[in-house]
1. Among the aspartates and glutamates, select those whose C-alpha is under 17 Å from the C-alpha of residue 6, and discard any that sit fewer than 8 residues away in the same chain.
2. Once you have a ≥ b ≥ c as the square roots of the Cα gyration tensor eigenvalues for region 1-53, tell me rounded if a/c is under 1.5, and otherwise prolate or oblate according to whether a/b is larger than b/c.
3. Just want the ordering: 458, 390, from fewest to most Cβ atoms lying within 10 Å of their own Cβ.
4. What shape does the chain have by the C-alpha gyration tensor, where a ≥ b ≥ c are the square roots of the eigenvalues, rounded means a/c under 1.5, and otherwise prolate means a/b greater than b/c and oblate the rest?
5. Apply 1/(1 + (r/R0)^6) to the Cβ-Cβ distance of residue 427 and residue 526, taking R0 = 30 Å, and write down the FRET efficiency to the nearest 0.05.
6. Can you give me the Cα centroid spacing of region 159-188 and region 412-435 in angstrom?
7. Quick one: net charge of residue 458's neighbours, Cβ under 11 Å, K/R +1, D/E -1?
8. Which of the lysines could be linked to residue 459 by a straight reach, that is with a Cα gap under 21 Å, when you skip same-chain ones fewer than 8 residues away?
Amino acid sequence: MPDIYKKEWALNPGNLNSFELIKLNTDGLDILEKLNVFKKRGFTSISDEEKDLLKWAGIYIQRPRSEGYFMMRVKIPFGVMTSSQARILASISRDYARSILDITTRQSVQFHWLSIEDIPSILNGLTSVGLSSVEACGDCPRNIIGNPLAGIDPNEILDTREIQQEVQNFFQGNRDFSNLPRKFKISISANIFDTGYAAINDMSFTPASKFIDNEVVKGFHVYVGGGLSAKPHLAKRLDVFLRPDEILKVTIGVATLFRDFGYRQNRQHARLKFLVADWGSVKFKQELEKLVGPLLTSGDDLTSDWNAGYFNGIHQQKQPGFHYFGLSVPLGRLSANNLIELADLTDKYGDGMIRTTNSQNIIIAGIPDSHAMSFLREPLLRVLTPFPKTFKTHTISCAGKEFCNFAIVETKKYAQQLSHYLDETLNTDDPIRIHVTGCPNSCGQVQLADIGLRGIKTKKAGQIIEGFELQIGGILGPEPQFSTNLKGFIPADIVHLVLEHLILYYRVHRKDSESFHIFINRVGVETFQTILNDFLDSVFNLKEPRYGS
């Protein structure tokens, strides 16, 4: 197939890493044509190069690599699926994935334990209901996230569903943008509480307004260059105001700049955030306008706070007489039967949709006043409750070394035990967010957490010990900041005691209803470092720590 666009970077192959050299001749989407061959010939027929390209089909080899199982990520655009789509996902989970599936922090769904022989059948099942795993991974636009309440949200300034769908339709399978330097993450939300996590995406749109021709026009501001991983960057806001009908052209423009000018020499330095950091927001806007034409300057920012993806409880929709229910899914893990029951419940009581959140939870909406109490009495709501215990619902985890080849510690089971311990011992309603991640790639988004735990290892007496490093104070919204690392290795078997100690200190010394984040900013990270040092000294020297001092 001839190139659709000129690969400017091909003119200097010396500046390309080894994977970019492969991509010069093979588009990632080409791997889709080989899936039926792999099905016939089996796992051992797949070359190392082809295993890397399978990411464009949305699949990774899971741990242990030698056993030949795959993880598959399925896009749930903007976090909204129909009951029919949910039933297909449940049937895939039941038939091929040992009856489990995970909700991710980007509102997608992941399967595990898949065999290459089953992948074509799974893709056919997804296609039958308008779902896809294609480009859920790989160097291409990923699942577009947004406000899971779009269209029903009392706190949105615009209904973004048509905009999101337009952008999704343009980029899905588009070979003009299937060979980017790295992944490209887009967020579109008009909710005033930053439900789209604007500061950590490659490109984000947030609610704004501007006085134009004697009237207030509702639209968007634009952020570029956010991202986490080992070198996190907060996105930079461009001096731009967009009307809703300008979203697609500007997204295409930013993706084009990333494609043509993004770095391809070192994959660890290839995300858009590095280009934005080097160019700066002024130059980036200038280059963007060369592609899309003049843009209006910024208007009034309408983002007022941050909802970290938590919608637990019962809430009024903007449609009078209807409610949405935020249900807690501990650590985002569902069984196939759970999902089938959710599909049945949304058809019976709600609008036929299931909505996924960045906090790995579920929303069922469109429930009329007259059905609310009946819905609450359904048995599933004792499992996926709208009124969960604090730490059980505010703890997030990546897949960990149970499945992920990058992770160096176990996370989900550990996070489950940790949240249970804190709920039982502290019995608090304070919404302290705990994020657990198994490696520096930050799928668990530790930089956003009140308390983040990043898995690390150390050697003691000739033995490898799993543990965590601690980060505190992350937040997004109008004044985003990443969490700060505290020095010190914390063995996994005492992390629950460390967190209990720090949280008790907060509860004793806070002022009135001061949040954990505000408390950290007031007393200083250094205070927590000292408390952590003293606690670790007391544990290893068998002294008694005093949280109230």
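The numbers here are math on the coordinates, done by the rules we state, and not lab data. It should be emphasised that the depicted structure is a prediction, and the values quoted were computed from it without experimental measurement. Cβ placement follows ideal geometry from the backbone for every residue including glycine, while neighbour counts extend to all protein chains displayed.
1. 20, 27, 176, 260
2. Details: a/c = 4.85, a/b = 1.89, b/c = 2.56.
Oblate, since a/c reaches 1.5 and b/c is not below a/b.
3. Values: 458 11, 390 19.
Starting with the residue having the fewest Cβ neighbours, the order is 458, 390.
4. Numbers: a/c = 1.24, a/b = 1.18, b/c = 1.05.
Rounded is the answer for the chain, as its axis ratio a/c remains below 1.5.
5. Numbers: r = 29 Å, r/R0 = 0.97.
E(calc), rounded to 0.05, equals 0.55.
6. Region 159-188 and region 412-435 have Cα centres spaced 36 Å from each other.
7. Details: positive: 457, 459, 460; negative: 466, 469.
In short, +1.
8. Excluding near neighbours in sequence, the set is 401, 487.
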